[in-house]
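Engineer: The structure that follows is given in the form of structure tokens.
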Amino acid sequence: MRPDPGEADPLNDVVAWRDGHIVAIDQTALPGEFRVLHITTVHELVDAITRLAIRGAPALGVAGALGVALAVRQGAREGWRSARLETEVERIAGARPTAVNLRREVQAAAAAIQQGPAAVEAAAAAIRDTVIGASRHISERGAGYLSEACGTRPLTIHTHCNTGALACLGWGTALGVIRMLHERGELGKVIVDETRPLLQGARLTCWELGQLGIEHYLTCDGAGPFLISQGLADAVVVGADRVAANGDVANKIGTYALALAARRAGIPFVVAAPESTIDEATESGRQIPLELRPEDEVTHVLGVPAAPPGTRALNYAFDVTPAELVTAIVTEDRVILPGRDHCAGSPHPLRQRT
Ligand code: MRU
């Protein structure tokens, strides 16, 4: 079911604070059903995050910040001592380990706890506004970068996972760049990886592109590198869950293969992400914690068995693309060229602000 286009933008509810609790679109139900969750406890929030009802690095950051406000309210209701509140806040921060935005924004909102519930809610609201504002700037900067790098002819962009409003609020990151190219008349079409095992590309990106009226083609993850080798795409544009200080990029499993293919084909591999996804405290991709998720997400497809009973699976949710394969990282503030800066011998290109 699609929301009525005549109503207020339904994507405002991706993650939001309403009447003292969190509302969130249940992304596990899309594209079949548009369902809004009403989350009133830390337990419900952690459950929503771990089963990917709320997902995507920037949206996780917003959910984490709002989660601190929720924990403060729940603590007041249930008479928690400060140690219990700390434990519950840590449960939110640790619900998913790879996207640095989650822990970062939880910590930012938690810094206001001493000033009382209103201050925490204001801090969380400010974080949400910042994330939305950043997405617009990333989209503009990224579209400008691609026009310069590839020309303004209608471009074909290959993307992976879901990086639109559902993942980021506002415009999104990689999908925001694509949307901006579309608005400028510089986009031809989008090639969307299905993004196994949980099909964020097929279920969510195709849904968002359909809502935006953007021409797109779904492809199997395994087909992506070959399609790129055949010259079908002008650039690969993806998001990120964490960017290490040396420019290595953690993103949805399958991203690395696209980066290798893009390098071999000589097309730009562009990462669009907010500054809050850059983790200067993590030296390189080797130190990024990569989430290992339940095996049945791979042995089953949308709940249906796809392998003999007892088959074991390796379900790494993310991979790391080395900086040398990344043509550009576009944030709301700058364009970083990790590949070039690596060639110039700098071990930490991100620390040199342009
Ligand atoms: O497991 P998910 O769906 O949370 O993974 C999301 C991604 O890998 C996105 O590409 C990333 O968070 C960037 S969202 C702008």
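The values are calculated or read from the model by the stated rules, or taken from the named source; none is laboratory data. Treat the numbers as computed from the prediction; the structure is a model and nothing was measured. Neighbour counts are summed over all protein chains in view; Cβ atoms, including those assigned to glycine, are modelled from backbone coordinates with ideal geometry. For accessibility, only protein heavy atoms count, side chains too; no ligands or nucleic acids. Shrake-Rupley method; radii C 1.70, N 1.55, O 1.52, S 1.80 Å.
Engineer: Return the residues of the stretch 284-293 that are within 13 Å of the ligand (Cβ to nearest atom) and not aliphatic (A, V, I, L, M); say none if nothing qualifies.
Structural biologist: Glu291, Arg293
Engineer: Could you please give the count of residues in the stretch 59-82 that are open to solvent by less than 30 Å² (accessible area, probe 1.4 Å) and out of contact with any Pro (no Cβ under 6 Å at 6 or more places or on another chain)?
Structural biologist: So the count comes out to 15.
Engineer: Considering only the stretch 22-30, I want to know if a residue exists there that is farther than 18 Å from Gly172 by Cα, without any contact (Cβ under 8 Å) to a residue 40 or more places away in the chain and of a type outside the set (Val, Ile, Thr).
Structural biologist: yes
Engineer: Do you know which residues across the stretch 263-283 are within 16 Å of the ligand (Cβ to nearest atom) and more than 20 Å from the chain's Cα centre (by Cα)?
Structural biologist: Within the stretch 263-283, no residue meets the criteria.
Engineer: Given the criterion at pLDDT 95 or above, assigned by TED's automatic domain parsing to the domain that holds Asp333 and in contact with a strand residue (DSSP E or B) (Cβ under 6 Å, 6 or more places away or on another chain), identify the matching residue among Gly144, Gly224, Gly172, Gly247.
Structural biologist: Among Gly144, Gly224, Gly172, Gly247, only Gly224 is at pLDDT 95 or above, assigned by TED's automatic domain parsing to the domain that holds Asp333 and in contact with a strand residue (DSSP E or B) (Cβ under 6 Å, 6 or more places away or on another chain).
Engineer: Now for a separate question. Could you run through the stretch 182-197 and say how many residues are open to solvent by less than 30 Å² (accessible area, probe 1.4 Å) and within 15 Å of the ligand (Cβ to nearest atom)?
Structural biologist: Number of matching residues: 5.
Engineer: Then there is this: Could you grab me the full set of residues in the stretch 234-246 that are assigned to a loop (DSSP other than H, G, I, E, B) and within 16 Å of the ligand (Cβ to nearest atom)?
Structural biologist: Gly239, Ala240, Asp241
Engineer: Let me ask another. Scan Gly170, Gly231 and give me the residue that is over 30 Å from Thr299 (Cα atoms), within 16 Å of the ligand (Cβ to nearest atom), part of a loop (DSSP other than H, G, I, E, B) and open to solvent by 10 Å² or more (accessible area, probe 1.4 Å).
Structural biologist: Gly170
Residue-wise test of (1) in contact with an Asp or Glu (Cβ under 6 Å, 6 or more places away or on another chain); (2) within 16 Å of the ligand (Cβ to nearest atom); (3) closer than 26 Å to Thr277 by Cα.
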site: Ala24; (1), (2), (3): no, yes, yes
site: Thr28; (1), (2), (3): no, yes, yes
site: Val42; (1), (2), (3): yes, no, yes
site: Gln74; (1), (2), (3): no, no, no
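Engineer: Being of a type in the set (Lys, Arg) and not in a loop (DSSP other than H, G, I, E, B) narrows it down to one residue among Arg73, Arg55; which is it?
Structural biologist: None of the other options fit; the residue is Arg73.
Engineer: Out of the residues in the stretch 117-155 that are open to solvent by 10 Å² or more (accessible area, probe 1.4 Å) and not in a helix (DSSP H, G or I), state the one that is nearest to Thr195 (Cα to Cα).
Structural biologist: Within the stretch 117-155, the match that is nearest to Thr195 (Cα to Cα) is Pro154.
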